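The values are calculated or read from the model by the stated rules, or taken from the named source; none is laboratory data. Just so it is clear, the structure is predicted and the values come from calculations on it, not from any experiment. Backbone-built Cβ (ideal geometry, glycine too); neighbour counts: all protein chains shown. Accessible surface is based on the protein model in full, side chains and every heavy atom, while ligands, DNA and RNA are left aside. Shrake-Rupley method; radii C 1.70, N 1.55, O 1.52, S 1.80 Å.
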Amino acid sequence: MNIKDIARISGVGISTVSRVINNKGLVSKETRERVLNVVKEYNYIPNSNAQNLKTTQSKNIALMVKGITNPFFANMIREIERQVNLRGYPFLIQQVEDGTDEINAAIQLAKEKNLCGIIFMGGTYNHSEEKFKQLTIPFVLTTITSTQQVDPAIFSSVIINELREAYKATNYLISLGHRNIGFLAKSPLLDETTGNRRYLGYKKALEEQGLPYDAGLVEDCEYSPSSGFNAARKLLNKNKGLTAIFAASDTIAIGAAKAVLTAGLSIPDDISIIGFDGIEMAEYYHPSLDTISQPGTEMALSSVGVLFDLISEQSGNQHIVYDAVLLKRGSCKMITAR
């Protein structure tokens, strides 16, 4: 009788049996009792060498972040780190550069650091089922998911519906009488990106309200105030009768607001602006910026909770979708037809 037999008879994984035998890690009371009963029934005595090997295994949890300078991620990262540390697990943060496949980077890191779990933050939506299956440890996608034909039973995600929330923002501007609405985002026309999901929500709202789509009102920019400033200035210089700007992040919105004010225009009297994310600095910008606020703390808590449920085998993969909230702070205004 060996540990594989105990795991098979108990109906759990080998790692779970190891945690029960060594009395380390998270295991539900019910599972622990089931394993111990099998151990007792078969008079199983752990091999000391194997036991020593198990105790040397790492408990490292990694957070793979693409877009680490994004201010919205800052509070989420702090909360994830706090929750992992409270559970007694070492925590490491790995920055993933643009253009690097985060799954490939995670596979390599898992080997180097002997990881037992990974949370992915930021990135693209185009990972395949084959790619996910190459990750042999529990993982959770947060702020991203997969839009490919992937079996939802093989991965977990904690997200908002980007398209729906961008639709909400655009529809809000339309309800205020705006017809010429600019849109600023990173890679809005590149499939399977966050910017593209928000662009699709913007476009859907225009179409459903019977408003013409004008590609000249869309600008590609980085998620930064300086890039938002330059993109908004380009929009303003096109003289397309712009009355509102939907920025796909608050950092872009802050730069866009600066461009509007620098042009001698007023917010919201001349141009209305709405951002996305709900970061603190957008509230204290003057004027305070309307935004679609994501529940970052709640998403962070759920991401860690789901990951540790997977590690302890208390549940299978889960998919949690949060609602964002439209915060009206005074940077958008009702207009009459021009």
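Here are some notes:
- Residue match in the range 159-175 (condition: hydroxyl-bearing (Ser, Thr, Tyr) and open to solvent by less than 20 Å² (accessible area, probe 1.4 Å)): yes
- Whichever residue in the range 8-30 is modelled with pLDDT of 85 or more and part of a loop (DSSP other than H, G, I, E, B) and, among such residues, is surrounded by the most Cβ atoms within 10 Å (Cβ to Cβ): VAL12
- Any hit, the range 259-270, residues being open to solvent by less than 20 Å² (accessible area, probe 1.4 Å) and in contact with a Phe, Trp or Tyr (Cβ under 8 Å, 6 or more places away or on another chain): yes
- Among residues of the range 110-144, those that are open to solvent by less than 30 Å² (accessible area, probe 1.4 Å) and at pLDDT below 90, counted: 3
- Considering the range 291-313, the residues that are assigned to a loop (DSSP other than H, G, I, E, B) and in contact with a helix residue (DSSP H, G or I) (Cβ under 8 Å, 6 or more places away or on another chain) include one that is surrounded by the most Cβ atoms within 10 Å (Cβ to Cβ), namely GLN294.
- The residues of the range 60-109 that are open to solvent by 60 Å² or more (accessible area, probe 1.4 Å) and closer than 16 Å to LEU301 by Cα, listed by number, are ASN75, ARG78, GLU81, ARG82, ASN85, LEU86, ARG87.
- Options ALA105, ALA153; residue that is in a helix (DSSP H, G or I), more than 25 Å from TYR322 (Cα to Cα) and outside the structural domain of LYS186 (by the TED database): ALA105
- Out of THR147, THR193, one residue alone is in the same structural domain as LYS234 (by the TED database), at pLDDT below 95 and among the hydroxyl-bearing types (Ser, Thr, Tyr). It is THR193.
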